[in-house]
Amino acid sequence: MVDTIYVEDEIIGTKKAQEIISKFRHAKVTSIKRFGEVFNPSNQNFRIQKTNPALILAKKQKGFVLDAPKGFGIGDQDNYYFSHMYNCLYDCSYCFLQGMYNSANYLVFVNFHDYQNEIVKTIKRHKEKKVTFFTGYDCDSLAMEPITNFINDFIPFFSRYKKALFEIRTKSINNTVFRKHDPLANCIVAYSLMPEALAQILDKKAPSVSARIKNMKYLANKGWRIGLRFDPLIYCNNWKDQYAELFANIFKEIKEENIHSVSFGSLRFPKSFFNKLLQYYPNSEELSFLRSNDKGIISYDQSIENEMNEYCRLELMKYSDARKFFYCG
Amino acid sequence: MIEKNFEGVSVRWVIALKGEAEEIIKNYAMERVETTPFPVYKNKDLDMWLILSGIGQLNAVAATSYLYVKSDASYNTIWINFGIVGSRNFKVGDLIQIDKITSSDFQDNYYPSPSAFKNNNIERCNLISVNKPEKLFESDGAYDMEGYGFFSFAKKIAPYELVSVLKIISDAPGTDLSKIDRHRVEILVSKKIQFIEKVLENLLDLQKIIFLQLRDPKYFDEICLQKKFTFSQKVTLRKYLTQWQARFPLRNPLEEIGQRMTASQILKKFSDNLLR
Ligand code: SF4
């Protein structure tokens, strides 16, 4: 899979770096001073790199825990995210990472302890208040679990901080790590979902939606709490039928009581990201409905957005308590 | 073989000496088109050029920039630095593809993209660019006198993935440098020419991907000829035509344009049609 590994000199001797390197016996390992030498140069082509991404192992120096974007939450007032990895094993056409980074190489920060120290400080700062920490914002952490063991390290960590909610956002059906640990009440395994026909076109390299539903069912039966994330909602010709069918399929398999939260929000990008996406996917019908608004954001027409949010909300209310719904936008 | 009818092909070779370049010139049927300040060669059908830079970093930078201007190289051009190198950890005659470039004079290192190495089974190696011929070979890797200078400039004018450094080992510790004559170098290169072709083919595949990304959508040129669009209107037009093609592949957007419509009316018309 990976035939090139770049490793920062500073962390090449660490246990985590060695553990990861040992999983790629045939990869060529090249030492680097700082990850930016490989990751940041301009003039790199994301799509070409995606055909053969390298792995970069680095040490995160600062910015371990960041404020979640406004409107990104599932109930708590204070929301944070942290990224131990940039870029993803999957290749969704609408993925904002391809507009955000110059490089498609997998960048993994191996100093997990520094993240944990910062998370503890953040929790302490909030005293008795509940806080949520999101992961899987700049990558799909679960998909890369066989390489990083990230979730395996963070489940025991969060088990010590019950006031903190830990959301793992994913499309992966890898459930090994959840079999190894007892279900954690403050951990949400949140699945990104869209109608199967759309996912087949857009969620490239990701497991099918039916496989995701099957895995959610398995995890729910084991006692893990499940999040449903319909974000982004995708507009297309028969979107109403497609979403209605998707919701029905999910709730046929999963009991409502196992659902922690449901969130939805429609597709939107900063303008500069979108121009790159159009270059990458000129034939994408799904991207052809998007427009730029006066705030420099590319989104569907407001009337489409409103219609989709309202329809999905009402449709989901057939199956679930609306107090569990959150709108991200 | 290079697809002659593929319009995106654009290749530039930067090579220090004639002996190193001879087989490439022959293989790709290039002819000399200029003698000074640098000898320059060109294939008459393809957009493929080669320059003899002479030895050293400064010459490499000067020749690369000269060829860039002289040949009017587009952004989507493949740039290859080829030549002979010394190394203590390879055999004479080995072909290597460079994956890390350091310099005895500069702090920054460069890392040619692994996409360029995919599926070619050519050994990979780091390159140390020095200022005088290396005899001691104190570190593993290959030693040359041009690669760093070449890469430092080429990476600014082309996509990273299309800039490659390819070398053949000509000497190892203890080699009598006076015995590496032009004839011997030509033999070393001729034995590896099919692998060099393979590297170029891989780069051409990558170039094709970028070409398709950068290409203007269908009808863009025709519409711009018909009406006067400002720069930002052209950006919007490019976007709408791309979306149009995806949504209405069978509808010709030219037919939507009335004789008297202004540029902004045309954009509005496209926008309204694309809304739902
Ligand atoms: S799973 Fe998420 S992070 Fe990964 S490619 Fe898809 S949208 Fe991007």
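The values are calculated or read from the model by the stated rules, or taken from the named source; none is laboratory data. The structure displayed is predicted, hence computed values, not measured ones. Reconstructed Cβ throughout: ideal geometry from the backbone, glycine too, with neighbour counts over all protein chains shown. Just the protein is used for accessible areas: all its heavy atoms, side chains included, with ligands, DNA and RNA removed. Shrake-Rupley method; radii C 1.70, N 1.55, O 1.52, S 1.80 Å.
A compact table of results
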quantity: Flag if residue B:212 is within 28 Å of residue A:237 (Cβ to Cβ), within 14 Å of chain A (Cβ to nearest Cβ) and exposed (fewer than 15 other Cβ atoms within 10 Å of the Cβ); calculated: yes
quantity: Number of the exception - residue A:174 against (1) closer than 30 Å to residue A:276 by Cα; (2) within 14 Å of the ligand (Cβ to nearest atom); calculated: (1)
quantity: Some residue of region B:243-250 being facing chain A (nearest Cβ under 10 Å) and in contact with a Lys or Arg (Cβ under 8 Å, 6 or more places away or on another chain); calculated: yes
quantity: Residue that is surrounded by the most Cβ atoms within 10 Å (Cβ to Cβ), among those in region A:246-264 that are farther than 18 Å from residue A:209 by Cα and touching a residue at least 40 places away in the same chain (Cβ under 8 Å); calculated: A:261
quantity: Residue B:161 at the interface with chain A (Cβ under 10 Å from one of its Cβ atoms) and within 30 Å of residue B:110 (Cα to Cα); calculated: yes
quantity: Scope region A:1-32; condition open to solvent by 10 Å² or more (accessible area, probe 1.4 Å), closer than 22 Å to residue A:113 by Cβ and either at the interface with another protein chain (Cβ under 10 Å from one of its Cβ atoms) or among the β-branched types (Val, Ile, Thr) (or both); matching residues; calculated: A:12, A:14, A:21
quantity: Residue tally, condition of a type outside the set (A, V, I, L, M) and either open to solvent by 10 Å² or more (accessible area, probe 1.4 Å) or assigned to a loop (DSSP other than H, G, I, E, B) (or both), over region B:161-176; calculated: 5
quantity: Subset of region A:52-90 (residues that are over 16 Å from residue A:102 (Cβ atoms), open to solvent by 30 Å² or more (accessible area, probe 1.4 Å) and hydroxyl-bearing (Ser, Thr, Tyr)); calculated: A:81
quantity: Filter result for the condition that a residue is touching a Cys at 6+ places or on another chain (Cβ under 8 Å), closer than 22 Å to residue A:75 by Cβ and surrounded by 16 or more Cβ atoms within 10 Å (Cβ to Cβ), over A:154, A:134, A:158; calculated: A:158
quantity: Given (1) in contact (Cβ under 8 Å) with a residue 60 or more places away in the chain; (2) more than 12 Å from chain B (Cβ to nearest Cβ), index of the condition residue A:296 fails; calculated: (1)
quantity: Scan of region B:104-128 for residues that are closer than 21 Å to residue B:158 by Cα, open to solvent by less than 20 Å² (accessible area, probe 1.4 Å) and either over 21 Å from the mean Cα position of the chain (by Cα) or at pLDDT 90 or above (or both), ordered by number; calculated: B:111, B:112, B:113, B:127
quantity: Exclusive hit being hydroxyl-bearing (Ser, Thr, Tyr), within 13 Å of the ligand (Cβ to nearest atom) and within 14 Å of another protein chain (Cβ to nearest Cβ), set A:192, A:103, A:93; calculated: A:93
quantity: Selected residue [small (Gly, Ala, Ser) and either without any contact (Cβ under 8 Å) to a residue 24 or more places away in the chain or within 12 Å of the ligand (Cβ to nearest atom) (or both)] from A:220, A:185, A:206, A:164; calculated: A:206
quantity: Any hit, region B:177-186, residues being open to solvent by 10 Å² or more (accessible area, probe 1.4 Å), part of a loop (DSSP other than H, G, I, E, B) and away from chain A (no Cβ under 14 Å); calculated: yes
quantity: Check on residue A:272, in contact (Cβ under 8 Å) with a residue 40 or more places away in the chain, within 14 Å of chain B (Cβ to nearest Cβ), among the polar types (S, T, N, Q) and within 18 Å of residue A:196 (Cα to Cα); calculated: no
quantity: Pick from region A:91-104, criterion part of a helix (DSSP H, G or I) and out of contact with any strand residue (DSSP E or B) (no Cβ under 8 Å at 6 or more places or on another chain), ranking: surrounded by the most Cβ atoms within 10 Å (Cβ to Cβ); calculated: A:98
